[in-house]
Each structure stands twice: as C-alpha cells, then as structure tokens.
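Undergrad: The structure's right below; bear with me while I get my questions together.
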Amino acid sequence: MSFVADLRVVLRGKDFRRLFGTRLVSQFSDGIFQFAVTGFAFFSPESQTTALAVAAGMAVLFLPYSVLGPFVGVFIDRWPRRQILVVAPFVRGALLLVAAGLVAADVPDAWFYGAALAVLGVNRFFLAALGASLPHVVPADRLISANAVVPTSGTVATFFGAGLGFLLREVYGGDDLGVALLLASSGVVFTLSALVARTMDRQLLGPWSDPDRPQASQALRNVVTGLADGAKHIARHRVAAATMGAMAAHRFLFGMCTALGIILYRYYFTDGDADAALRGVSLVVVAAGIGTALAVVITPYTTEWFGIERWVQIALVSAGVLTAVLALPFQEWGLPVAGFVLGLAGQSVKICADTTVQRDVEDIYRGRAFSIYDMLFNGMYVLAAGLSAIILPADGKSYLAVAIISLGYPLAALAYRMITARSRAGVV
C-alpha cells in the first residue's frame, strides 16, 4: 500500500488524528531546536568549528536516544502516557527557556550543552510515549499502515521545522541573541503539543494495571538481559539482521558525510563565512529532505519490482558510486546533489529495514529489536563523527574520507548480499 493510501486509512480515526497531531507539532518544534543547536555549535560567527566540535555537537543531539532509549520503556509502561504527553512539553519548554537564557548570557558552551542534553532527555520520554500509545488509537488491522505513516510524517515535520528555523534566523540574526530567540520559539511551539494531547481522554493511552508487573528497579535490571536476548533472536533471523546492518552502515557513512560537509562549507567553500556556510548546508539539508520524501513514494514500487534484498543493494551501491562522482571534485554544487542521493538511498534502506524487522522478528522480541535498531541508528552516526574528528583536516578537504564513504557503501552491499544469500541457502 502506498503512503497516501496508508495515510487516508489511518486518518479516519479521531483519536489517531489527535495523537498524530501531537507528534507533528512536537517534531516540527524539534526541527527548530535542531537547527538552533546546529547553528550555535557549527556556524556561530564567534566560534571556530572543528571536526571535534562537530562530533561533540552530534553526540549532544543523538546520544540521548541511544543511551536512554532502551530504559525509558520501563517508565512509559508505568506512568499514564497521556499525562506524559501533557506534562513533558511544559518541562521541555521550560528547559528550552533556560537554554535560551544561558546562550543570551554568553555563559560557557558546556552549560548550554548540558541544558540541551536535558531537553533531549525529556524528548526521549515524549517520543517513546507517543510510540507506545499508537496501538491504543489504531485498530490492530491498521497498525502496519500507521507505522508506515507516522515516522515518515514526523521526519517531514522536522524538515519543515528546520526550514522555519532558517527563516527565523534570518529575522533574529545569527548572534547569541538570535540563537536564544530560536530556542525560545521552539519551546513555545513544543508546548502547543500539550494542548493537542489534552484533547484525548485521560485513560485512553494506558498503560493498564498489571499486578504481575515487576518493580521498576527489577525491570531496569531486566533491560540489559532483554537486549541481549533480543540480539540473539535477531542473529537467528539473518535477513532481518543483515538489513539492520545495512541501515547501520548507511548511518555511519552518512554521519561521515555530514561532518565532511559541515567542515567543507565552513572553511573550504566559504573561507570561514559562517552565514554563507549555513546557507550552503541548509541547501544540502533541503535536497536530502526531498530525496527522503521521494524514497517514501517510490520504495513500495521498487521493492515490488526488485524485492527488498535487491533494492537495498541497489540503493547502497548507487549511494557509493554517486558520492564518489559528486564529492571528489570538491565543488560546492556537488554536495546538494549528493545530499539528495543519500537522502533517497538512506530512507530506502531504512524503510526496508523497518519492514524486514516487523515481518521477520517475532512479536515478543519486536520491541527489543527496535530498541537495538534505535541504538544502532543514532550510535553509528555519532561514531562516524568521532572518526571524522580524527581524519578530517582543518578545511575538510579529505580524499581519504571520500574514499571511505565511496567504498563503504558497495562493501556494505556486498556483505548484505553474502549474508542474505547464505540465508536463502539455509546456512545458519
């Protein structure tokens, strides 16, 4: 079923529309916030951006999702989820106002990053509560359609939020006061999601009482054991494991592309002009967003024509070859086109990975499988930034980095092909 058809089906439910609206507003705010943090960390006229600074910024943006992700479910399954969706936006909004005040007061950057980590920690709870609430507002026979629609729509909303962040920055300015106003704007928008959540019945989203449920402390200890069991289960489903591995490889290589692009625009293409660099990177982000949206449209058809396994290979190989062609000349025009290609290829692989895990992994392991999935998705991105901090020169022009990216994608495709071929042959 296509994205449009899935969307039309699930929007018939009143409660789904309210939960969906809560997500869209919150992720729109996330786009403004992420743009503000990116501008402050990498494109502030007063700061000197290095590959190490890029790695630190990515860690702030993505590590909370990797570290906290597996553990938040313990509390999401104990606290009223509707109340989480109502209270968390106000907590996050207050933290964003604190972060805005810290930036405006020109305190050391470490204080700002601490506040940003707190914001993202609250956001991890909020997003987990949204995900756990979905089965309460969608009939079981429409849950797959809802899972196809919700993450993609949230990603699109984040892109739109980042676009508004760019426009607001043109109004507010790129100095510390401008960043503070952006953060405050994100906080105001995020609190609006609480108003949407309040339209839902207090008991609608669960969780239901369970007298046999273990204590929270025991449940937290069980998380690590559960993740290990989930990893063993995934390993026995070679196609699902291989597709998750393909997704992880893409995120690692895409993380390197991100760090490379930021440093190139900051110093190689613009001679240190922070505003010009931010406009260039924004164009790449827009191009990647268009590629992501196109992947949503075409992947249902390409997987029908080629099959999931062949389409994953095509996406990975194409990403590697075209990145080499577009990036090796180190011309500014090549990066937006490369962003489009990687957005298309990466989202195609992600859709295939989502589908494969949902299809192949048994239901009692599926939650743990997606916890591992999220850890890989964000952790590999940060790991790539760390490697980039080691190998990238001051101006970003690195043939070694481009070679790693260009060869990494086809090698990931080859590994994926070998694993899935062994699975079809019945080799364990």
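The values are calculated or read from the model by the stated rules, or taken from the named source; none is laboratory data. Quick caveat: nothing in here was measured; it's all calculated off a predicted structure. No Cβ is skipped: glycine too gets one built from the backbone with ideal geometry, and neighbour counts run over all protein chains shown.
Undergrad: What about residue 161, is it crowded, with 19+ Cβ neighbours inside 10 Å and not polar (S, T, N, Q)?
TA: Judged against the criteria, residue 161 is a match.
Undergrad: Inspect all residues belonging to the range 190-199 and state whether any of them is within 16 Å of residue 99 (Cα to Cα) and not aromatic (Phe, Trp, Tyr).
TA: Checked the range 190-199: at least one residue is within 16 Å of residue 99 (Cα to Cα) and not aromatic (Phe, Trp, Tyr).
Undergrad: Any chance you could count how many residues in the range 115-151 are polar (S, T, N, Q) and at pLDDT 80 or above? Let's see the steps before the verdict.
TA: So in the range 115-151, the residues polar (S, T, N, Q) come out as 123, 133, 145, 147.
Next, from what is left, pick out any that are at pLDDT 80 or above: 123, 133.
Residues meeting the conditions: 2.
Undergrad: Which residues, taken from the range 208-229, are at pLDDT 75 or above and touching a Phe, Trp or Tyr at 6+ places or on another chain (Cβ under 8 Å)?
TA: 229
Every residue, every condition in (1) over 16 Å from residue 370 (Cβ atoms); (2) buried (at least 24 other Cβ atoms within 10 Å of the Cβ), yes or no:
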{"site": "230", "(1), (2)": "no, no"}
{"site": "233", "(1), (2)": "no, no"}
{"site": "238", "(1), (2)": "yes, no"}
{"site": "245", "(1), (2)": "no, no"}
{"site": "253", "(1), (2)": "yes, yes"}
{"site": "259", "(1), (2)": "yes, yes"}
{"site": "262", "(1), (2)": "yes, yes"}
{"site": "265", "(1), (2)": "yes, yes"}
{"site": "268", "(1), (2)": "yes, no"}
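Undergrad: Could you check the range 1-35 and list, in sequence order, the residues that are of a type in the set (Phe, Trp, Tyr) and within 21 Å of residue 203 (Cα to Cα)?
TA: 16, 20
Undergrad: Also, I was wondering about something else. Restricting attention to the range 251-278, which residues are under 14 Å from residue 336 (Cα atoms) and hydrophobic (A, V, I, L, M, F, W, C)?
TA: So the first thing to find is which residues in the range 251-278 are under 14 Å from residue 336 (Cα atoms), and the list is 254, 257-258, 260-262, 264-265, 269, 277-278.
254, 257, 260, 262, 264, 269, 277, 278, listed by residue number.
Undergrad: Turning to a different aspect of this structure: Only helices (runs of 4 or more DSSP H) wholly contained in the range 316-425 count here; list those with 2 or more residues that are at pLDDT below 90 and among the acidic types (Asp, Glu).
TA: Values: elements: 334-360, 363-391, 399-424.
In the range 316-425, 334-360, 363-391 are the helices (runs of 4 or more DSSP H) which contain 2 or more residues that are at pLDDT below 90 and among the acidic types (Asp, Glu).
Undergrad: Restricting to the range 112-160, name every residue that is over 21 Å from the mean Cα position of the chain (by Cα) and closer than 17 Å to residue 187 by Cβ.
TA: Once the filter is applied, which keeps residues that are over 21 Å from the mean Cα position of the chain (by Cα) and closer than 17 Å to residue 187 by Cβ, the range 112-160 yields only 112.
Undergrad: Within the range 298-316, track down each residue that is surrounded by fewer than 18 Cβ atoms within 10 Å (Cβ to Cβ) and either of a type in the set (A, V, I, L, M, F, W, C) or not assigned by TED's automatic domain parsing to the domain that holds residue 403 (or both).
TA: Residues satisfying the conditions are 298, 305, 306, 314.
Undergrad: Could you please find all residues in the range 179-206 being crowded, with 21+ Cβ neighbours inside 10 Å and over 25 Å from the mean Cα position of the chain (by Cα)?
TA: The one that is crowded, with 21+ Cβ neighbours inside 10 Å and over 25 Å from the mean Cα position of the chain (by Cα): 200.
Undergrad: With the requirement that a residue be among the charged types (D, E, K, R) and modelled with pLDDT of 90 or more, what does the range 170-200 give you?
TA: 198
Undergrad: Still on this structure: Starting from the range 368-382, keep only residues that are outside the structural domain of residue 225 (by TED's automatic domain parsing) and at positive phi, then list their pairs with residues that are of a type outside the set (Ser, Thr, Tyr) and at pLDDT 85 or above whose Cβ atoms are within a distance under 6 Å, requiring at least 6 positions of separation or different chains.
TA: Note: no pairs meet the criteria.
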